[in-house]
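The values are calculated or read from the model by the stated rules, or taken from the named source; none is laboratory data. Everything numeric in this text was worked out from a predicted model, so none of it was measured. Counting neighbours? That spans all protein chains shown, and the Cβs are built from the backbone with ideal geometry, glycine included.
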Amino acid sequence: MRKHISLFFVAIILVCFAGCGPSADQILKDSSRASKGIKTVHFTMEMKTKLPRAPVVEGKVAKRVLVQKSEGEYDLRTNDFRVTTKLAGMDLRMLQVEGKQYWEIAGNWYQTPEAAQFMPPITTSLSVSQYVKYFKQLKKHGTAKIDGEACYHIEGIPDMKELVKQPGITDLMKDPSGKQIRTIDEVADIRAEFHYYIRKGDMFFKRSQLLSNSRATNELIKEGYAEPGDRTEDEVIVTFSQFNRRLDLKVPQNVKPWPSEWSTG
């Protein structure tokens, strides 16, 4: 009986302490302020899409789960970066220096035209204070450990009808090439859930995670991956490390012009 009473009081104490400390709203604001001290950062990014259906393509059943992984370094002062990823099954290195972007494909470097350029969503992941007021629900979970580092875990449910009006959010209407694939109503209909992990020591963002459920686009319907009314599930995880390490990003040698047959127009 005493053991049960002791366990009961331990449970009560844990519940009480879980509610102590700064609020979820305050943690996000403090972290956004602290993140202004981040000059450079290493990141890994994983984007996973679960499609409603798997059509037969060239006699084979297509994949229903698509995974895109990227890794690189970013200089928040200059927006210069280095990223390694895959595109159409090929290894691709991207480098931005002094406002110009270069891609390495099959061992050759090319200067990339503006229409094809890629910008990693790092600054958005590191600063969410501008969006805090558009969360209809913020919840602080217990301490989480990522890479052995103690982190606050904050869950946020946004009001998409309000959030969609903000600058940058309209990018959700476009594919990576900038082509519009969703209407405002479709973006507002997205069911989204954000998870933020903030290092307790310095309040730097350690990880940003987005889970979303949205209507299948017309492109997916045309390609047989969905039917009208179907929805897709997406997850984007960005993890940060090696804060404020010196980066040495230089223009690659022997840069070739972008081939005309790769035109994005």
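Filter the range 246-262 down to the residues that are within 27 Å of Ile105 (Cβ to Cβ), in contact (Cβ under 8 Å) with a residue 24 or more places away in the chain and not in a strand (DSSP E or B) and list them by number.
Leu247, Leu249, Lys250, Val251, Pro252, Gln253, Asn254, Pro257, Trp258, Pro259, Trp262
Take the range 215-252 and flag every residue that is hydroxyl-bearing (Ser, Thr, Tyr) and either closer than 30 Å to Gly148 by Cα or in contact with a strand residue (DSSP E or B) (Cβ under 7 Å, 6 or more places away or on another chain) (or both).
Thr232, Thr239, Ser241
Restricting attention to the range 171-197, report how many residues are part of a strand (DSSP E or B) and either over 15 Å from the mean Cα position of the chain (by Cα) or modelled with pLDDT under 70 (or both). Break it down stepwise before answering.
We begin by selecting, within the range 171-197, every residue part of a strand (DSSP E or B); these are 174, 180, 191-197.
Retained after the next criterion (residues that are either over 15 Å from the mean Cα position of the chain (by Cα) or modelled with pLDDT under 70 (or both)): 174, 180, 191.
Going through the range 171-197 one residue at a time, the tally reaches 3.
Output the number of the condition that Ile221 fails; it satisfies all remaining conditions of (1) within 26 Å of Leu95 (Cβ to Cβ); (2) buried (at least 17 other Cβ atoms within 10 Å of the Cβ); (3) among the hydrophobic types (A, V, I, L, M, F, W, C).
Of the numbered conditions (1) within 26 Å of Leu95 (Cβ to Cβ); (2) buried (at least 17 other Cβ atoms within 10 Å of the Cβ); (3) among the hydrophobic types (A, V, I, L, M, F, W, C), the odd one out for Ile221 is (1).
Can you find a residue in the range 212-233 that is among the β-branched types (Val, Ile, Thr), within 20 Å of Gln68 (Cβ to Cβ), outside any helix (DSSP H, G or I) and at pLDDT 90 or above?
Looking through the range 212-233, at least one residue is among the β-branched types (Val, Ile, Thr), within 20 Å of Gln68 (Cβ to Cβ), outside any helix (DSSP H, G or I) and at pLDDT 90 or above.
Being surrounded by 11 or more Cβ atoms within 10 Å (Cβ to Cβ) and on the phi > 0 side of the Ramachandran plot is the filter here; which residues of the range 224-265 pass it?
Gly224, Gln242, Asn244
Tally time: how many residues in the range 41-74 are under 17 Å from the mean Cα position of the chain (by Cα) and buried (at least 16 other Cβ atoms within 10 Å of the Cβ)?
10
In the range 61-112, what residues are under 15 Å from His42 (Cβ atoms), in a loop (DSSP other than H, G, I, E, B) and without any contact (Cβ under 8 Å) to a residue 60 or more places away in the chain?
Leu76
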